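Student: One structure, as structure tokens, below. Some questions next.
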Amino acid sequence: CTHPSAKPESAVSPYACQRRTTLDNHNKIFTDALEVLAENLELSGNQGPSLAFRKAASVLKSLPAALRRQEETQHLPCLGEHSRAIIEEISECGSSSRVEEILNDERYRTMKLFSSVFGVGPKTAENWFCRGLRTFEQVLSEPSVRLNRMQTAGFLFYEDISKPVSRTEASALKIIVEEAVICVNPSATVSITGGFRRGKEFGHDVDFIIKTPEAGQEDVILPAVIKRFKSQNILLYSDLQESTFDLRKLPTHCFDAMDHFGKCFLIMKLKHEQEMDARAGKDWKAVRVDLVAPPLERFTYALLGWTGSTLFLRDLRRFARLERGKLLDNHALYDKATNTFLPANTEEDIFAHLGLEYIEPWQRNA
Ligand code: 8DG
Ligand code: MN
Ligand code: MN
């Protein structure tokens, strides 16, 4: 990416936080291809090169129309030689031979299959592939494979949790989560965050952020909510991570998506009203749910971080650091010049501190 000051006013910014990226993607044939290249590199541990393709795809997603001529890519940032060549080939032939090759590649297909299991990352997927395993059946019948608790749940509920979660299902879950949260603390509130807050119709999970108006409440709410779900017999898996947040240790210098708030990664039973799943003989669907409960004065930063997209937030943090000398993470915004923390009651405040035009959640699908 080139430096933004080298570009004229109307140019597309190399920073995703200076672009409005809705879900209306006019360049899907190109972005799908670039994302296959990115995913293939990610699955083989090449995060750096993968990011280059992710950024290229993200720039195309922000364009108001489909690319028509090759020259149109000349003025776009973040498009390397390799990305341009792929775009050109797709414009001319309708597809990219390299992408087709990857899609048919046994290693890619197997790694993608294995890492689609909750709790299985690229390392485990590669380990299984290198041991000659190719199918779930082979993994599950291999005596030397030891699954952890998360992976065991991942296989047990694979059929359900590998299906996309709809907005309707997300809304039904919100009512259940809200009911439990309010029962534990009547003054607490629940908001949907993650992809659904960005307007997506489907997600791989449902992300909720809990706001508690009294100090210290955030530490007790998640264990209590989990206890209630258990008593209601709607919890299939839970991984509670207690808060390690310490105000005295700010700024934390954790500028990826990691944060120190109390959170839990769950698999919940969502009852469906109408038809029974005849084959399975069950009237519920297993759904992945994430809950995060930050302290009240950290809420806005946590909300911004958990809304994503990952690439949007990555560029927002990079922009803050490189262009504004400020450190942004899920906990705070810190000004290095004045050694002060900048307060924010709303997301608008954070964008304003950074001298950025406000980008709505549905425009953060970078
Ligand atoms: P999807 O579920 O619709 O597929 O997409 P998503 O909602 O955008 O992705 P996600 O994996 O559910 O993550 C939502 C956001 O949460 C993403 O921007 C990363 C952010 N996030 C944090 N901290 C943490 C964390 O500790 N764990 C996880 N899993 N996500 C986190 O800011
Ligand atoms: Mn999500
Ligand atoms: Mn999530």
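The values are calculated or read from the model by the stated rules, or taken from the named source; none is laboratory data. In this text the structure is predicted, and so the values were computed from the model without any measurement. Glycine gets a Cβ as well: all are built from the backbone with ideal geometry, and neighbour counts include every protein chain shown. Keep in mind that these areas ignore ligands, DNA and RNA; they rest on the heavy atoms of the full protein, side chains included. Shrake-Rupley method; radii C 1.70, N 1.55, O 1.52, S 1.80 Å.
Student: How fast does the stretch 219-366 diffuse by Stokes-Einstein, in µm²/s, taking the Kirkwood radius from C-alpha pairs at 4 °C and 1.567 mPa s?
Tutor: D, rounded to a whole number, is 75 µm²/s.
Student: Would you mind checking the radius of gyration and Dmax of the stretch 4-102 based on alpha-carbon positions, in Å?
Tutor: In order Rg, Dmax, the Cα atoms of the stretch 4-102 give 13.2, 40 Å.
Student: Here is a follow-up. What is the magnitude of the charge dipole of the stretch 119-182 about its Cα centre, with +1 placed on the Cβ of each Lys and Arg, -1 on the Cβ of each Asp and Glu, and no other charges, expressed in debye to the nearest 20? Intermediate values should be presented prior to the final figure.
Tutor: Working: 8 positive and 8 negative charges, 55 e Å.
Dipole about the Cα centre, nearest 20: 260 debye.
Student: When every alpha-carbon pair in the stretch 165-304 is counted, what percent end up more than 24 Å apart?
Tutor: Distances greater than 24 Å cover 31 percent of the Cα pairs.
Student: A further question follows. Length gain on complete extension for the stretch residue 246 to residue 134, per 0.36 nm per residue less the alpha carbon to alpha carbon distance? All intermediate terms of the calculation are to be shown ahead of the outcome.
Tutor: On the way: separation 112, 0.36 × 112 = 40.32 nm, distance 4.43 nm.
Extending this stretch completely gives an extra 35.9 nm.
Student: Work out from phi, with θ = phi - 60° and the Karplus expression 6.51 cos²θ - 1.76 cosθ + 1.60, the ³J(HN,Hα) of each residue of the stretch 49-57, listed in order in whole Hz, and give x for Gly and Pro.
Tutor: So the J values, rounded to whole Hz, are x, 4, 4, 4, 5, 4, 5, 4, 4.
Student: Could you go through the stretch 188-198 in sequence order and give the Karplus-derived ³J(HN,Hα) for each residue, using 6.51 cos²θ - 1.76 cosθ + 1.60 with θ = phi - 60°, rounded to whole Hz, and x for Gly and Pro?
Tutor: Along the stretch 188-198, the couplings run 7, 10, 10, 10, 6, 10, x, x, 5, 5, 7 Hz.
Student: In debye, nearest 20, what is the charge dipole magnitude of the stretch 165-304 about its Cα centre with +1 on Lys and Arg Cβ and -1 on Asp and Glu Cβ, if you could check?
Tutor: My answer is approximately 180 debye.
Student: For the stretch 307-363, what is the per residue volume of the convex hull drawn over the alpha-carbon atoms, in cubic angstrom?
Tutor: Enclosed volume per residue, from the Cα hull, is 77 Å³.
Student: Oh, and also: May I ask you to give the percent of accessible area on the stretch 165-304 that is carbon plus sulfur, with a probe radius of 1.4 Å?
Tutor: On the way: 3660 of 6700 Å².
Looking at the stretch 165-304 in its full context, I get 55 percent from C and S.
Student: Provide the per residue accessible area, probe 1.4 Å, for the stretch 105-156, rounded to a whole number of square angstrom.
Tutor: That works out to 59 Å² per residue.
Student: Kindly provide the pair-distance distribution of the chain built from C-alpha pairs, with 10 Å bins from 0 and whole-percent values in order of increasing distance.
Tutor: 5, 20, 29, 27, 15, 3, 0
Student: Using the Cα centre of the stretch 4-102 as the reference point, and only Cβ charges (+1 on K/R, -1 on D/E), how large is the resulting charge dipole? Debye, rounded to the nearest 20.
Tutor: Taking the Cα centre of the stretch 4-102 as origin, the dipole is about 440 debye.
Student: To the nearest whole percent, what portion of all C-alpha pairs in the stretch 95-153 is separated by more than 15 angstrom?
Tutor: On the way: 844 of 1711 pairs.
Everything past 15 Å amounts to 49 percent.
Student: Leaving out ligands, DNA and RNA, what percent of the accessible area of the stretch 105-156 is carbon and sulfur, probe 1.4 Å?
Tutor: 52 percent
Student: On to the next question. Mind listing the Cα extents of the stretch 57-174 along all three principal axes, in Å, largest one first?
Tutor: Computed over the Cα atoms, the extents are 55, 42, 22 Å.
Student: Please compute the alpha carbon radius of gyration of the stretch 140-243, then divide it by the globular-protein estimate 2.2 N^0.38 Å. Two decimals is fine.
Tutor: 1.23
Student: So, one more: Given a Förster radius of 41 Å and the C-beta distance between residue 97 and residue 187 as r, what FRET efficiency does 1/(1 + (r/R0)^6) yield to the nearest 0.05?
Tutor: Given R0 = 41 Å and the Cβ-Cβ separation, E is 0.10.
Student: Ok, one more. Only helical DSSP H runs with n ≥ 4 go in: add -39500 (n - 2.57) per run for the chain, normalise by residue count and round the 222 nm mean residue ellipticity to 500 deg cm²/dmol.
Tutor: -13000 deg cm²/dmol
Student: Can you give the Rg/Rh ratio of the stretch 161-202, where Rg is from the C-alpha atoms and Rh is the Kirkwood radius?
Tutor: With Rh from the inverse mean 1/r over Cα pairs, Rg/Rh is 1.04.
Student: If contacts are Cα pairs under 8 angstrom and at least 6 residues apart, what is the relative contact order of the chain in percent? Present the calculation step by step, with values, prior to reporting the outcome.
Tutor: Numbers: 562 pairs, mean separation 60.3, N = 366.
Across the chain, relative contact order equals 16 percent.
Student: Oh, and also: With an 8 Å Cα cut-off and a minimum separation of 6 or more residues, compute the relative contact order for the stretch 165-304 in percent.
Tutor: Over the stretch 165-304, the number comes to 26 percent.
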